[in-house]
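Trainee: Have a look at the structure that comes next, please.
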Amino acid sequence: MKSGVTAESIERPKKRGIFSDSLILSFLDRLCTKIYEMLKRGFFAGIFTAYRGKLRSRGKKVREKGFIRTFAQKTENSALVRFVHRVADGVMALRLKVIGLFFFAFAAVAGVIALTTGLMADTKYIPRSHYSVMLFAGIILLSSLPLLSSRKTLYGGIAESSICSKVFPALGFPVDKLNYEGVTGRTFVALILGIAAGALSYFVSPKLILAAVIGVVFLYLIMAKPEFGMLCLFFITALLPTVPVAILLILVAFSYLLKVLRGKRKIVFEAVDLFVLILAVLYVFGGFVSLSIKSLIPVSLRVCFIIGYFLVACIDHSREWLKRFALSAVFSGVAVSLYGVVMYFFGSKGGNTWLDASLFSDISGRAVSTLENPNMLGEYLAIMIPIAVAMLISGEMIKRSTSFLACCALAFCMVLTWSRGAWLALIFAMLILVFIWHRRSVWLVLGGAIALPLATFVMPSNILNRFMSIGNMADSSTSYRVNIWRGAIRLIRDHLFFGIGVGEDAWKKVYPDYTLPGIEKAPHAHNLFMQVTADMGIAALIVLLVILFFTFQSGFSAFSKISGAGSIDSTGLLRADELGDVSAAGAEKAAKAAKLRLRMAIAGPMCGIFSVIVEGMTDYSWYNYRVYLVFWLVVALSVAFTKDARKYLRPDAPPDGETDSLSAEVELPAK
């Protein structure tokens, strides 16, 4: 049974605090409230809260149309699909003893072959590569021993394992919904197959054989549940090279396509999605009219990575999957940060390649981590940190202690990038985030402004000097950028409508004709908006600005509706301990918690996007393909969370702004 309690009916005792006891603070608090009300109802609020972008929604009835319906039915009833399902069911019903025997035989034979061939080698000692194979075989052999004595099936082992029962649901495979009955598997067959696989290691490395087995399982999981593939994509984008990331994205896109054609996924298409599609078309056009034939490769990658946006924003994902995507992105950022910190102190640094040694002699190097460039790493972290901070504020996705540690790791690595543009972008992004958080967050800004003079006594001198050098033309990095912009403006003036083509090769071919002496080898325009215009013309710049405008407009429109809604359906937004209190005070607290989580889920990615806009003024934010993909994935998260937030607004809610967020009704889910 659902219950709704209006907070306005609560007779609250009058509390006295620092705001009511102090005339000055009370006046400032009322002033902050007045400023917020003006922003909510002013001219810019009217522009940024007027998003009405829904165009089309389709999916469940896709089978009602002739060809697609026939294709879907034939696909589901095909022998291949039935065979794959039977194989998967059979594997889950295998006894662990059978699986253990297969790997035991495989490892034993592979180890013996490595030892034998090593002894027969024309060297005084066994080659090191053979020792590596024997060590690998020994680890597999020892790991298989516990399985030989087990009487459970693979499904039973997963269901009864305390670790698997937590990991599998986190990856989108709830163990309690799996239902595999029966036991199968013959020990003799497992032994023969294991020996055959081990014998194959004479020709192929056993590591590759095992990787192929894992790859087949991974491929099946992606085809069965493309959201799992998307989850992996969010995690590996900044960790692995560009090519494997692109391959995974193509596989996930193909899996989603099959699900959509079979009517198992729903598509939601809005105005912002349409303009992202137009930008992808402009990229293709830019490849064909390019002044360099080599533009086709970067165009293919950029269009491929834009597809990642549609897989997140245009597929109707549940809120649970969107939270998993965001968590995966943050955990990936933590991994990148930790690797960058370790490499900074114990490995290789960026050196002084990106530093003016005459001005910053006290900085020995810059963290680059997996992105190979400190500025790209800084931009990546500036995208991730607002998402992590939003999780810390809302407390919805993970424990606040965990999100706090994640924020610390990300922030520490951000400092070690020594990227002034990234620092500045993060400051502006965090200002936007705290304003979205609460109207009294202006006190944090005021306190920071008052404490700013103390920074000279608290902050390390190298950090302070680096930050204060922003805009200093004596710094070679600053003057270098300004001179590049002058040449880029000349280039754009001559190629305003169609651009010069996408890619570094087209830029290197044309830019030297417009540059100032001494900077002919600049790899890009060091400005996102100039580079987009130079690559594809003024139309691409307009489309990009429209995409950014619609993204922010849809987000702020959602904030307006959330704060103005008379009541929201809190199903899926509140924890179990928050549902126990059905009193009026408990309902008010639950309403504020639910609305905060809706706002922060949108605000985190949106502020990450804003950091790209700010840093894009002084650097080409899309120079690194993986950071480019991260940008579109985060844009998609912002749009998807915005679409999801509308589901929690009740149809009978009053118009925007008529009800204050602190006096709203929350509809508790049925127990």
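Trainee: Which residue, of Lys643, Lys592, is under 20 Å from Leu392 (Cα atoms) and either assigned to a helix (DSSP H, G or I) or open to solvent by 10 Å² or more (accessible area, probe 1.4 Å) (or both)? Spell out how you get there, then give the answer.
Mentor: On the way: Lys643 fails: under 20 Å from Leu392 (Cα atoms).
Just a single option satisfies the conditions, and that option is Lys592.
Trainee: Do you know which residues across segment 482-497 are open to solvent by 40 Å² or more (accessible area, probe 1.4 Å) and under 32 Å from the mean Cα position of the chain (by Cα)?
Mentor: Within segment 482-497, Trp485 is the sole residue that qualifies.
Trainee: Let me ask something else. So which residues in segment 386-436 are farther than 14 Å from Glu615 by Cβ and either in contact with an Asp or Glu (Cβ under 7 Å, 6 or more places away or on another chain) or basic (Lys, Arg) (or both), if there are any at all?
Mentor: The answer is Lys399, Arg400.
Trainee: For segment 501-534: of the residues being touching a residue at least 60 places away in the same chain (Cβ under 8 Å) and part of a loop (DSSP other than H, G, I, E, B), which is most open to solvent (accessible area, probe 1.4 Å)?
Mentor: Pro523
Trainee: Is there any pair linking a residue in segment 476-500 that is under 11 Å from Tyr514 (Cβ atoms) to one that is open to solvent by less than 70 Å² (accessible area, probe 1.4 Å) and acidic (Asp, Glu), with Cβ under 9 Å and at least six apart or on different chains, and which?
Mentor: These pairs meet every condition: Ile500/Asp535.
Trainee: Which members of segment 371-419 meet the condition of being open to solvent by 30 Å² or more (accessible area, probe 1.4 Å), of a type outside the set (Ser, Thr, Tyr) and not in a loop (DSSP other than H, G, I, E, B)?
Mentor: Leu392, Arg400, Phe404, Leu405, Cys408, Ala411, Phe412, Val415, listed by residue number.
Trainee: Further, regarding this structure: Consider Ile427 carefully, then state whether it is at pLDDT 90 or above and part of a helix (DSSP H, G or I).
Mentor: On the way: at pLDDT 90 or above: yes; part of a helix (DSSP H, G or I): yes.
Yes, satisfied.
Trainee: Mind listing whichever residues of segment 157-172 are of a type in the set (Gly, Ala, Ser) and touching a residue at least 60 places away in the same chain (Cβ under 8 Å)? Quick ask: steps written out before the conclusion?
Mentor: So the first thing to find is which residues in segment 157-172 are of a type in the set (Gly, Ala, Ser), and the list is 157, 159, 161-162, 165, 170, 172.
Once the filter is applied, which keeps residues that are of a type in the set (Gly, Ala, Ser) and touching a residue at least 60 places away in the same chain (Cβ under 8 Å), segment 157-172 yields Gly157, Ala170, Gly172.
The values are calculated or read from the model by the stated rules, or taken from the named source; none is laboratory data. Since the structure is predicted, the reported quantities are computational estimates derived from the model, not experimental observations. FYI the Cβ positions are ideal-geometry reconstructions off the backbone, even for glycines, and counts take in every protein chain you see. Areas reflect the complete protein model, heavy atoms only, side chains present, ligands, DNA and RNA absent. Shrake-Rupley method; radii C 1.70, N 1.55, O 1.52, S 1.80 Å.
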